[in-house]
Every structure is written in structure tokens, then in C-alpha cells.
Amino acid sequence: MLDKDKRTLWHPFTQMKDWQLNDQLIIAKGKGVYLYDTEGKKYIDGCSSLWVTVHGHNNQALNKAIKKQLGQVAHSTLLGLANVPAIELAEKLVALAPKGLHKVFYSDSGSTAVEIALKIAFQFQQQTSQKRKTKFLTLTNAYHGDTIGSVSVGGINLFHKIYKPLLFKSIKVTPGNVTELEELLKARHREIAAMIVEPLVQAAAGMLIMPKGYLKAVRRLCTKYNVLLIVDEVATGFGRTGRMFACEHEGVRPDLMCVAKGITGGYLPLAATLATDRIYNAFLGRFEENKTFFHGHTYTGNPLACAAALASLELFNKERLINNIQNNIALLNKELPGFFQLEQVGDIRQCGTMVGIELFEDKNAKRPYPSKTRMGHRVILEARKRGAILRPLGDVIVLMPPQSITRKELKELLVITYASIKAATEK
């Protein structure tokens with residue numbers, strides 16, 4: 001299988017020269033919080049298969065829901081038609097979301113959910129006689145996906161710099177600096193269509209945590225200066241911060257909210273962009289007025305994916321999952337400070353069950369490792385030897401296990417992570 005992989009596959013975010021030269025892990029099956037390779041060895045899925053797995057792998061309730069829907073219809077377009085699971089899921093999402101978000105537009109990934117929000121915000125301003133409002137305000141170190149629009153509002157040079165000639169220019173402010181934000185909005189609000197933020201934590205930037213109250217201040221200032229607020233809950237949604245959505249921590253209601261990743265429990269591609277009635281109503285009119293939102297995807301509102309999402313949301317209630325998440329947050333709060341005993345652990349950032357452990361060559365001077373050292377990569381190789389799969393962000397070791405992980409399993413993951421950092425940094 002590995003030979004076939006190396007002949008045919010091009011892996012995302014992967015230097016394929018390295019991939020070709022080394023042995024690689026091939027996953028054959030999963031059960032609960034564990035993944036199993038083709039040799040039968042099991043690993044704790046410490047990154048939730050890129051932050052999506054909620055109830056564990058091979059969950060029988062999710063399996064059953066998908067099989068049941070498969071017996072009805074696997075796919076039917078949402079262009080000019082409707083389907084039962086898409087309708088039922090939209091109703092559930094509206095009930096769970098911050099108040100006022102009454103309309104759901106489906107897509108298939110976090111990137112597309114953000115693209116949709118950007119296009120809706122732009123078109124809204126054009127159709128409400130605010131044609132000067134064409135720019136977007138975002139934060140430095142932002143990450144909102146990999147399509148052209150979402151990259152345009154991103155700010156991580158490693159991922160985005162090469163594509164600069166393809167992008168539209170966005171306006172950037174420093175995360176957490178309310179004074180800077182207000183000064184900029186005061187000066188330039190007449191040209192800004194919307195501001196987009198990741199609530200509470202910039203995940204792909206290395207789990208960078210926002211100061212308490214910052215999100216609420218962003219909402220207040222966007223309202224004051226008539227700028228739409230787009231909240232990207234792709235990584236933070238569905239319990240990751242200890243609430244169903246991160247916005248809830250500060251009582252914030254955005255104008256547009258993007259969700260994806262955990263929406264189907266980690267089973268099938270699905271995303272949604274939620275909007276207020278005010279925004280939705282600006283797109284209503286006679287056909288010849290061309291107010292229609294001319295955007296869509298082939299698999300928008302796919303019945304199988306929506307059925308999986310409905311089953312996942314049911315499990316949140318049935319399994320009292322938010323309570324389990326709170327217990328795991330308490331365990332992380334207790335155990336993570338012990339990682340500072342390791343000589344190279346210079347910072348630990350945590351928001352709910354989202355954790356980033358940053359490694360430094362010299363933690364007292366905050367001097368990072370040289371890029372070629374690839375210390376984060378060394379740590380994940382050590383973790384695999386000990387039975388865990390992790391995915392670093394540079395030299396930030398990320399922990400984001402399935403939400404259903406038990407205290408015992410979480411303790412095991414922490415022990416493996418500690419030992420792996422120790423082994424890699426002492427070589």
C-alpha cells in the first residue's frame with residue numbers, strides 16, 4: 001500500500017520529497033478514540049483526525065444514521081429542490097446558534113463556508129446602497145482556509161505569502177488590541193464591508209488565545225461603525241471551547257457565522273454559513289433585479305452528511321457530551337502545568353480542550369528552534385512509537401482529541417505527549 005501511495009498520492013501540507021524518502025503510517029480502521037494501522041497497531045487520535053472527530057471513530061449511532069439515510073437517497077441537489085435531512089438540520093442549527101442567526105447556507109468545508117460569508121457580506125453592502133464598503137478587516141496571524149478568498153483574509157506567511165499576487169488586499173489589525181481596532185474603524189469604516197475573526201482562539205496560528213472580553217469589544221465596535229461581523233467557528237464550534245460555540249462565552253451574536261469540521265462528528269464533509277434575517281432579506285427581490293446569491297456547490301446540503309450531522313447533535317444530548325468536555329477541561333487544567341518541568345516547553349496555551357504546547361530551543365530567551373530542526377515533527381514521530389497520533393503546528397504540539405475521550409484515555413494521551421517531548425528534545 002505504501003508503494004502505491006507514493007506512486008499516486010499528493011498529500012496536503014506535506015513536503016512530498018520527505019514523504020517519498022521515509023516510511024509512513026497507513027490507517028486501516030478506527031474504533032472509539034483509537035486508530036489502527038495496516039499492521040494492527042493502535043494509536044490514540046490526539047488530533048481528532050484534523051480537529052473533526054467528536055464522538056470517536058466507528059460510532060454505531062452515526063453509522064446507523066448514515067445507513068438509514070443511504071436506504072432513502074444518498075444525494076439530491078439543493079439547487080431548485082429540498083431534502084428532508086437538510087431541512088431538519090437547518091432547524092437544529094438555528095436553534096443552537098446565537099440568537100438572530102435564522103438562515104443556513106450549506107457548503108462542504110470550512111474554507112467554502114468562509115468564502116460564502118465573504119461573498120454574502122460584499123453583496124449585502126452592494127445591495128443596501130453601501131457600494132464603497134468593499135474591503136475586509138481581519139487579524140494578523142489569521143487563518144480562515146485555503147481557497148483564494150479565505151486566504152485573502154488570512155495572515156500566516158508560511159501558508160499564504162506565495163499566493164499574494166492572486167489575492168485581494170485585506171486590512172489587518174493586532175489581535176487583542178481594542179484601541180487599535182477602534183482607531184482603524186473610526187478612520188476607515190466607510191470602506192469596510194465586514195470584519196472576520198476566529199472567536200477566542202486563533203487555532204492554526206498555534207492556539208493563540210484572545211484576551212477576555214476582546215470578542216465582545218469587537219462586536220460592540222462593529223455595531224457602532226456599521227461593519228458586519230463574521231465569526232469563523234470552524235475550529236472552535238461544537239464544544240471545543242467548553243460551550244457549543246465559542247461566541248457563547250461572551251454573549252456575542254455575529255451577523256454571519258461559519259461552521260464545519262465537527263458538524264458531522266467527523267464523518268462526512270459538510271459546512272454551513274449562518275446569517276441574520278437582515279442580511280437574508282437584502283437578497284430578496286424580483287428575478288430581474290439580480291439580487292440572487294449566485295453561489296452553490298454540487299454537494300450542498302448532501303442528505304448523507306446532513307443525516308450524520310443530525311445524529312451527531314442528538315449524541316451531544318444523549319451522551320451529555322458538554323459535561324464530559326467540562327470534566328476533560330478540568331483534567332487538562334490540572335495536568336498541563338506539569339509540562340513546564342520539561343526544559344524546552346516555553347508556553348502552554350489552552351482554550352477548552354484546544355491545547356498548544358510551544359517548544360523553544362531556549363525557553364528563557366524565547367528562542368525558537370531553527371526551521372530545519374523540525375522539532376515538532378520529531379515529537380510526533382516519538383508519539384507514534386508510544387501509541388498516539390499528533391499533528392504539530394511548527395514547534396507547537398497540538399492536543400485536540402475526540403470530545404468523547406474518557407479521563408483515563410486523556411491521561412494516557414498526556415503521558416505519551418510528555419514522554420514524546422522529553423525524548424525528542426533530549427536527543
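The values are calculated or read from the model by the stated rules, or taken from the named source; none is laboratory data. No experiment lies behind these values; they were computed from the predicted model shown. Note: ideal-geometry Cβ built from the backbone for every residue, glycine included; neighbour counts use all protein chains shown. Quick note on the areas: whole protein, heavy atoms, side chains included, nothing else; ligands and nucleic acids left out. Shrake-Rupley method; radii C 1.70, N 1.55, O 1.52, S 1.80 Å.
Considering only residues that are more than 16 Å from HIS102 (Cβ to Cβ) and among the acidic types (Asp, Glu), look in segment 244-274 and name the one that is nearest to the chain's Cα centre (by Cα).
GLU248
Just wondering, is there one or more residues in segment 272-283 that are surrounded by 23 or more Cβ atoms within 10 Å (Cβ to Cβ) and closer than 18 Å to GLN403 by Cα?
Among the residues of segment 272-283, not one is surrounded by 23 or more Cβ atoms within 10 Å (Cβ to Cβ) and closer than 18 Å to GLN403 by Cα, which makes the answer no.
Enumerate the pairs (first residue in segment 155-180 and more than 17 Å from ALA194 (Cα to Cα); second residue anywhere and part of a loop (DSSP other than H, G, I, E, B)) with beta-carbon separation below 6 Å, excluding pairs fewer than 6 apart on the same chain, so at least 6 apart or on different chains.
From segment 155-180, the pairs are ILE156/TYR143; HIS160/GLY154; GLY176/MET210; GLY176/PRO211.
Among the residues that make up segment 39-58, is at least one of them loosely packed, with under 15 Cβ neighbours inside 10 Å and polar (S, T, N, Q)?
Within segment 39-58 (the criterion being loosely packed, with under 15 Cβ neighbours inside 10 Å and polar (S, T, N, Q)), the answer is yes, since at least one residue qualifies.
Restricting to segment 61-72, name every residue that is touching a residue at least 24 places away in the same chain (Cβ under 8 Å) and open to solvent by less than 60 Å² (accessible area, probe 1.4 Å).
Within segment 61-72, ALA61, LEU62, ALA65, ILE66, GLN69 qualify.
Specify which of the listed residues (ARG286, ARG243) is out of contact with any helix residue (DSSP H, G or I) (no Cβ under 7 Å at 6 or more places or on another chain) and either touching a residue at least 12 places away in the same chain (Cβ under 8 Å) or surrounded by fewer than 24 Cβ atoms within 10 Å (Cβ to Cβ) (or both).
On the way: ARG243 fails: out of contact with any helix residue (DSSP H, G or I) (no Cβ under 7 Å at 6 or more places or on another chain).
Testing whether each residue is out of contact with any helix residue (DSSP H, G or I) (no Cβ under 7 Å at 6 or more places or on another chain) and either touching a residue at least 12 places away in the same chain (Cβ under 8 Å) or surrounded by fewer than 24 Cβ atoms within 10 Å (Cβ to Cβ) (or both) leaves just ARG286.
Is there any pair with a first residue in segment 114-143 that is touching a residue at least 12 places away in the same chain (Cβ under 8 Å) and within 18 Å of GLY154 (Cα to Cα) and a second that is hydrophobic (A, V, I, L, M, F, W, C) and open to solvent by 40 Å² or more (accessible area, probe 1.4 Å) whose Cβ atoms are under 6 Å apart and which are 6 or more apart or on different chains, and what are they?
ILE116/PHE105
Here is a list of conditions, (1) under 28 Å from ASP277 (Cβ atoms); (2) of a type outside the set (A, V, I, L, M); (3) surrounded by fewer than 24 Cβ atoms within 10 Å (Cβ to Cβ), and SER150 meets all of them except one; can you say which number that is?
Looking at each condition in turn, SER150 falls short on (3).
Scan segment 305-334 for residues that are hydrophobic (A, V, I, L, M, F, W, C) and open to solvent by 30 Å² or more (accessible area, probe 1.4 Å) and report the count.
Count: 2.
State the number of residues belonging to segment 325-353 that are of a type in the set (A, V, I, L, M), out of contact with any strand residue (DSSP E or B) (no Cβ under 6 Å at 6 or more places or on another chain) and within 18 Å of ALA204 (Cα to Cα).
Count: 0.
Going by what's in this entry, would ALA187 be described as small (Gly, Ala, Ser) and not in a loop (DSSP other than H, G, I, E, B)?
Against the criterion (small (Gly, Ala, Ser) and not in a loop (DSSP other than H, G, I, E, B)), ALA187 qualifies.
Out of ILE325, ILE357, which single residue is in contact (Cβ under 8 Å) with a residue 60 or more places away in the chain and part of a helix (DSSP H, G or I)? Let's see the steps before the verdict.
Numbers: ILE357 fails: part of a helix (DSSP H, G or I).
Going through ILE325, ILE357 in turn, just one is in contact (Cβ under 8 Å) with a residue 60 or more places away in the chain and part of a helix (DSSP H, G or I): ILE325.
Within segment 113-140, which residues are open to solvent by less than 20 Å² (accessible area, probe 1.4 Å) and assigned to a helix (DSSP H, G or I)? Outline the logic, then answer.
Our first condition is that a residue be open to solvent by less than 20 Å² (accessible area, probe 1.4 Å); within segment 113-140, this holds for 113-114, 116-118, 120-121, 124-125, 133, 136-139.
Within segment 113-140, ALA113, VAL114, ILE116, ALA117, LEU118, ILE120, ALA121, PHE124, GLN125 meet the criteria.
Just to check your reading of the model, which residue among ARG391, ARG384, ARG407 is charged (D, E, K, R) and loosely packed, with under 15 Cβ neighbours inside 10 Å?
The conditions single out ARG407.
If the requirement is being modelled with pLDDT of 95 or more, small (Gly, Ala, Ser) and closer than 20 Å to THR292 by Cβ, which of these qualifies: ALA97, ALA86?
Exactly one of ALA97, ALA86 is modelled with pLDDT of 95 or more, small (Gly, Ala, Ser) and closer than 20 Å to THR292 by Cβ, namely ALA86.
Can you name the condition, by its number, that GLU91 falls short on among (1) assigned to a helix (DSSP H, G or I); (2) closer than 17 Å to LYS291 by Cβ; (3) without any contact (Cβ under 8 Å) to a residue 12 or more places away in the chain; (4) of a type outside the set (Gly, Ala, Ser)?
So GLU91 meets the others, but not (2).
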